[in-house]
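The values are calculated or read from the model by the stated rules, or taken from the named source; none is laboratory data. Predicted model only: the values in this text are computed from it and were never measured. Neighbour counts run over all protein chains shown; Cβ positions are idealised from the backbone, glycine included. Remember, those area values only see protein heavy atoms, side chains included, never the ligands or the DNA or RNA. Shrake-Rupley method; radii C 1.70, N 1.55, O 1.52, S 1.80 Å.
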Amino acid sequence: NNQGNMEQLNLIIDTYQRIILESESQLAKVKRRIYRIGTLRLILFAAGVAGIIYFWSESRLVISGIAAITFIPFLLLVKLHNRLFRQKDYLEKKIEINRQELQAIAYDTSAFDNGKEFIDPAHLYTYDLDVFGEHSLFQYINRTCTQLGKSLLANWLGTHLVNKKEIESRQEAIRELTSELNFRQEFRILGLLYKGKAADEDELKAWAKSPSVFRKNIFFRMLPLL
């Protein structure tokens, strides 16, 4: 049994290390593209300005043509550049969270929120069992990336279920997510990159209860694309 557990642990470690290596390789490519596009943007901008100055005495049609063939591609490259910077941020965060998991396997969970604000000496069991705080159960399992998620996890640990069907339903939900490593990591990465505000909880609840008029209406679905 111990040998099986060690093999499973080594497999998990190998998985995190593989993700880190693949992400570092992708990140190097993205950085090179960012550099090349940045250089091309500079050349296009300088060429546009120089062309306009040189042909300033010519007709407006000539100047407009120079502006079109230099500044339109420049603006398109700005859009592409921004997209590459988002990819760079995503990959850097992906590398970071996988390194955190390797640290956690080595019993260093300092990268994760310990939920110290939920410490309650009067609670029936969470205070005595160190459920919250430094080196706590909460810190060991916490991978939440929003205030809403963190509060929900704290509530789960502090308010245990007593109904058998509810317990089994929650266990099934956890089992379903266990094998979805890519989904869990993508969810966490996006949450860490776009943290939002604590006040977003009420807005999210209101949005979830609102009618899906924008999603169902074909015009509203096409409008952002147009």
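My understanding is that a pair violates if its Cα-Cα distance is over 20 Å; which of Lys116/Lys165; Lys29/Lys79; Lys93/Lys116 do that in this structure?
Cα-Cα > 20 Å for Lys116/Lys165; Lys93/Lys116; rest within.
If only Cα atoms are counted, what is the Rg of region 87-129, and what is its Dmax, in Å?
Calculated on Cα positions, Rg and Dmax stand at 15.4, 46 Å.
Enter the Cα centre distance for the pair region 5-38 and region 77-123, rounded to the nearest angstrom.
Computed from Cα coordinates, the inter-centre distance equals 15 Å.
The list (i) 0.97; (ii) 1.14; (iii) 1.38 gives values of Rg/Rh (Cα atoms, Kirkwood Rh), and only one came from this structure; which label was calculated from it?
From the options (i) 0.97; (ii) 1.14; (iii) 1.38, the structure gives (ii).
If you roll a 1.4 angstrom probe over the protein chains with everything in place, what fraction of the accessible area of the chain belongs to carbon and sulfur, to the nearest %?
The nonpolar share, carbon plus sulfur, comes to 61 percent.
Scan the chain and report its longest stretch carrying no GluC sites (Glu not before Pro) that are both in a DSSP loop and have at most 14 other Cβ atoms within 10 Å.
59-133
On a straight-distance basis, which lysines could pair with Lys164 in a cross-link, Cα separation under 25 angstrom, same-chain partners fewer than 8 positions away excluded?
Within reach: Lys150.
State whether region 10-82 is rounded, prolate or oblate according to the following rule on the C-alpha gyration tensor (a ≥ b ≥ c being the square roots of its eigenvalues): a/c under 1.5 gives rounded; otherwise a/b larger than b/c gives prolate, and the remaining case gives oblate.
prolate
Simple spin-label model, 7 Å along Cα-to-Cβ: Leu129 to Ala173 in nm?
Each label point is offset 7 Å from its Cα along the Cβ direction, giving 1.9 nm.
Where does the longest stretch of the chain lie that holds no trypsin sites (Lys or Arg not before Pro) found in a DSSP loop with 12 or fewer other Cβ atoms within 10 Å?
Here the longest run is 1-194.
For His160, His81, His135, His123, give the ranking by accessible area with the largest first, probe 1.4 Å.
Highest to lowest solvent-accessible surface, that is His135, His160, His123, His81.
Using a 1.4 Å probe on the protein heavy atoms only, what accessible surface does Ser23 show? Give it in Å² to the nearest 10.
Counting only protein heavy atoms, the figure is 0 Å².
Quick one: accessible area per residue over the chain, 1.4 Å probe, rounded to a whole number of Å²?
74 Å²
Can you list the residues of region 155-198 with backbone N under 20 Å from a point 7 Å past the Cα of Asp14, pointing along Cα to Cβ?
Hits in region 155-198 for Asp14 at 20 Å: 179-182.
Can you tell me which of Leu44, Leu84, Leu153 moves the most in a GNM of the chain? Springs connect C-alpha atoms under 10 Å apart.
Leu44
Please list the equivalent ellipsoid semi-axes of region 1-125, computed as the square roots of five times the alpha-carbon gyration tensor eigenvalues, in descending order and whole angstrom.
After scaling each eigenvalue by five and taking roots: 54, 20, 9 Å.
Which of rounded, prolate or oblate describes region 127-226 when judged by the alpha-carbon gyration tensor and an a/c cut-off of 1.5?
It is prolate, given that a/c is not under 1.5 and a/b is the larger ratio.
Label-point separation (nm) for Ile63 and Val78, each offset 7 Å from Cα along Cα-to-Cβ?
That separation, rounded to one decimal, is 2.0 nm.
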